[in-house]
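Asker: First the structure, then my questions, so here it is.
The values are calculated or read from the model by the stated rules, or taken from the named source; none is laboratory data. None of the values given here were measured: they were computed from a predicted structure. Every residue, glycine as well, gets a Cβ built from its backbone with ideal geometry; the counts of neighbours run over all protein chains shown. Remember, those area values only see protein heavy atoms, side chains included, never the ligands or the DNA or RNA. Shrake-Rupley method; radii C 1.70, N 1.55, O 1.52, S 1.80 Å.
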Amino acid sequence: MASGSERSPECGGAFVSQQWAREEGFALPRAGDLGECGAAFTSEQRAYEGGFALPRAGDLGECGAAFTGEQRAYEGGFALRRAGDLGECGAAFTGEQRAREGGFTPPQRAGGPGGGGAAPPRLNMDPRVTAALREVGIPYRENEPLSKHTSLGVGGPAAVMAFPRSPEELRRTLALRKELAAPHRILGGGSNLVVVDEGLDELVLNTRELRHVAVGADGVVDAEGGANLIRTVVRCCRAGLAGMQSAVGIPGSVGGAAVMNAGAYGFSISDVLREILVFDADGEAVLPPEGWRFHYRGSSIPEGSAVARISVALRPGDAAELGKQIRELQLERVRSQPGGRNAGCVFKNPPGAHAGRIIDELGLKGARRGRAVVSERHANFIVNEGGARAADVLELAELLRERVARETGVELEWEVKVWRRSA
Ligand code: EPU
C-alpha cells in the first residue's frame, strides 16, 4: 500500500491515494472530484476493507478525514464522542489517540456511534467465560458496542466479544463456550446485520482477526473465515486469477459470504467454493455426508457454526483485463447503490422480480423513521444517516414489508440478518 494513503486530505496525499486506488483496481467514487476525494477515497477503501460503509453517500469531500478517525477509533477499540459528529470527530479522535500513545490521559469520552451519548447498560455473562478466555490468552472485550462492528452502525453491546486469531483459537473459544454453556453468536464482517439496541447477554465471536489468505499458483486460494472479501478478490485478480471478480463490491468477510452465499451480477460465492472448514457450536469440525448445500442468499451451514477457512478454485486470467473488470464493477456499484452506513439489500428478491424496483414503484424512496431512511439511489437499501437506532431501521423495514404486501400481494423476505435478544 502506498504510504500516501496514510496522509491527510491534501493534494499530494489525494493523488497518491488515487493512484493507489487505481493500482488496486478500485474506481473512484466520483469522476471530477480528484482534488477532494483522494483522502476520502482512501478512507472509503479502508471502510471497504474493514467492512464498513461511509457515513453519508455524497459526503466524500468531507467525510474522509472523519471516517479515518472513526475507523482508527474502531481499530483502537475507542468509542466515538457523539453519534452524528462525523465531521468533527476525526481530528478529535486522532488527538485523543496521540494523547494515549504519548502516555497522557485523554479527556472522558461519551457513548459509542450508535449509542446516542448515554453509556450502554452492563450486560450479564458468567464471569468464568472471561476468566477462561484470559487463561488461554484469547483477546476479548467486555460490553463491546456492536454498532462499532456493523456496517449499518446500529446495535447495543455484546456482553463479551472474543477475537480469536487463528482457526485453532476459534475452535478453542467454541469449546470453552460449550464447557461453560455460554450462549454465543458468530460475527463475520457485520455488513449484513442489524443488532437490536438492547444488546446481547452473549459471547460474540468476532472473526476479524482470522484473515490470512494464501494464493496458490494452481489457482486454489485458501482464506481464513474473517478475511475481507473485497481484498481477497482484488488479490486474486492481481495474481491473474479469474472467477471471483464479480464479488468485488460485496463488503464483509469470506466466511459470512459463504454462509449467506453472497453474490452479485449473476455470481454466487458457491460457484467457486471448493472446500470449507466449519466448526459447530461446540468447536467440532463438521461436514455433512452430502456436503454443504447452497441456495440463493443462503446455505445449510447452521446458525452458531463458524467458518474457519474456505478454499476457492479459480482459473487463469489476464490481470490487466481483470483489473479493468473490477474497476467497471466498482463504478457500477457506486452508481446504482448508496454509500453511507447500510447493510446491503434489506430483502431478498422475490422469484422473477426485484425488491428494490417494487419498493421504488410504490414511491417509498426517502421514507424514514428517525435517522434511518430508504435510499434514493436503491430502494432495497436502508441508510443510517448518523445516530439511527436499530428500532428505527426495523420499524422502517417492517413498514416497507407491510406496504408491499398490502399493495402488491408480494411477501418480502428478509435478506439482512437480525440479532434479537434470546427469550
Ligand atoms: N431498480 C429500481 N429501483 C430501485 C432499485 C432497482 O427500479 O430503487 C431496478 C433497476 O433499475 C433494475 C432492477 O431493479 O432494473 C434490478 O436492480 P439491481 O440491478 O440493482 O439489482 P437488485 O436485484 O436490486 C441484486 C442483489 C444485490 C446485488 C445486485 C447486483 C439481491 C437482494 N440483491 O440487487 O445484492 O449487488 O443485484 O448484482 O439479491 C445484497 O445482497 O445485499 C445486494 C445488495
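Asker: Which residues, counting only those in the range 228-247, are touching a Phe, Trp or Tyr at 6+ places or on another chain (Cβ under 9 Å), of a type in the set (A, V, I, L, M) and away from the ligand (no atom under 11 Å from the Cβ)? If you could, list the steps in order and put the result at the bottom.
Answerer: Step one: of the range 228-247, the residues touching a Phe, Trp or Tyr at 6+ places or on another chain (Cβ under 9 Å) are 228, 230-231, 234, 243-247.
Filter once more, keeping what is of a type in the set (A, V, I, L, M): 230, 234, 244, 247.
Hits for the range 228-247 are 230, 234, 244.
Asker: Quick one: which strands (runs of 3 or more DSSP E) sit completely within the range 199-311 and have at least 2 residues that are buried (at least 20 other Cβ atoms within 10 Å of the Cβ) and acidic (Asp, Glu)?
Answerer: In the range 199-311, there are no strands (runs of 3 or more DSSP E) which contain 2 or more residues that are buried (at least 20 other Cβ atoms within 10 Å of the Cβ) and acidic (Asp, Glu).
Asker: Here's another thing I want to ask about it. Can you pull out the residues in the range 314-338 that are assigned to a loop (DSSP other than H, G, I, E, B) and open to solvent by less than 30 Å² (accessible area, probe 1.4 Å)? Outline the logic, then answer.
Answerer: Looking only at the range 314-338, we keep the residues that are assigned to a loop (DSSP other than H, G, I, E, B), and these are 314, 317-318, 337-338.
Within the range 314-338, 314, 338 qualify.
Asker: Also: Kindly check whether there is at least one residue in the range 331-351 that is away from the ligand (no atom under 16 Å from the Cβ) and over 29 Å from residue 162 (Cα atoms).
Answerer: Residues of the range 331-351 that are away from the ligand (no atom under 16 Å from the Cβ), as a first pass: none.
No, there is no match, as no residue in the range 331-351 is away from the ligand (no atom under 16 Å from the Cβ) and over 29 Å from residue 162 (Cα atoms).
Asker: May I pose another question? If I ask for residues that are more than 16 Å from the ligand (Cβ to nearest atom) and open to solvent by less than 70 Å² (accessible area, probe 1.4 Å), which ones from the range 409-421 would you list?
Answerer: Across the range 409-421, the qualifying residues are 409, 419.
Asker: Something else now. Identify all residues within the range 353-365 that are assigned to a loop (DSSP other than H, G, I, E, B), under 14 Å from residue 413 (Cβ atoms) and more than 8 Å from the ligand (Cβ to nearest atom); write none if there are none.
Answerer: As a first pass, look at the range 353-365 and keep what is assigned to a loop (DSSP other than H, G, I, E, B): 353-354, 362-365.
Next, from what is left, pick out any that are under 14 Å from residue 413 (Cβ atoms): 353-354.
353, the sole residue that qualifies.
Yes/no per residue for (1) open to solvent by 10 Å² or more (accessible area, probe 1.4 Å); (2) part of a helix (DSSP H, G or I); (3) at pLDDT below 95; (4) away from the ligand (no atom under 14 Å from the Cβ):
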position	(1), (2), (3), (4)
377	yes, no, no, no
380	no, no, no, no
383	yes, no, no, no
395	yes, yes, no, yes
398	yes, yes, no, yes
403	yes, yes, no, yes
407	yes, yes, no, yes
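Asker: Can you tell me which residues in the range 366-375 are within 16 Å of the ligand (Cβ to nearest atom) and either in a loop (DSSP other than H, G, I, E, B) or open to solvent by less than 10 Å² (accessible area, probe 1.4 Å) (or both)?
Answerer: 366, 367, 374, 375
Asker: Still on this model: Please indicate, with yes or no, whether at least one residue in the range 133-147 is farther than 28 Å from residue 311 by Cα, more than 24 Å from the chain's Cα centre (by Cα) and surrounded by 20 or more Cβ atoms within 10 Å (Cβ to Cβ).
Answerer: There is at least one residue in the range 133-147 that is farther than 28 Å from residue 311 by Cα, more than 24 Å from the chain's Cα centre (by Cα) and surrounded by 20 or more Cβ atoms within 10 Å (Cβ to Cβ).
Asker: Assuming residue 185 fulfils every condition listed in (1) open to solvent by 10 Å² or more (accessible area, probe 1.4 Å); (2) touching a helix residue (DSSP H, G or I) at 6+ places or on another chain (Cβ under 8 Å) apart from one, which condition is it?
Answerer: The failed condition is (2).
Asker: Would you mind stating whether residue 275 is outside the structural domain of residue 167 (by TED's automatic domain parsing), farther than 21 Å from residue 214 by Cα and not hydrophobic (A, V, I, L, M, F, W, C)?
Answerer: Working: outside the structural domain of residue 167 (by TED's automatic domain parsing): yes; farther than 21 Å from residue 214 by Cα: no; not hydrophobic (A, V, I, L, M, F, W, C): yes.
So residue 275 does not fit the description; no.
Asker: Using the structure shown, decide if residue 322 is touching a Cys at 6+ places or on another chain (Cβ under 9 Å), more than 16 Å from the ligand (Cβ to nearest atom) and aliphatic (A, V, I, L, M).
Answerer: Criteria met by residue 322.
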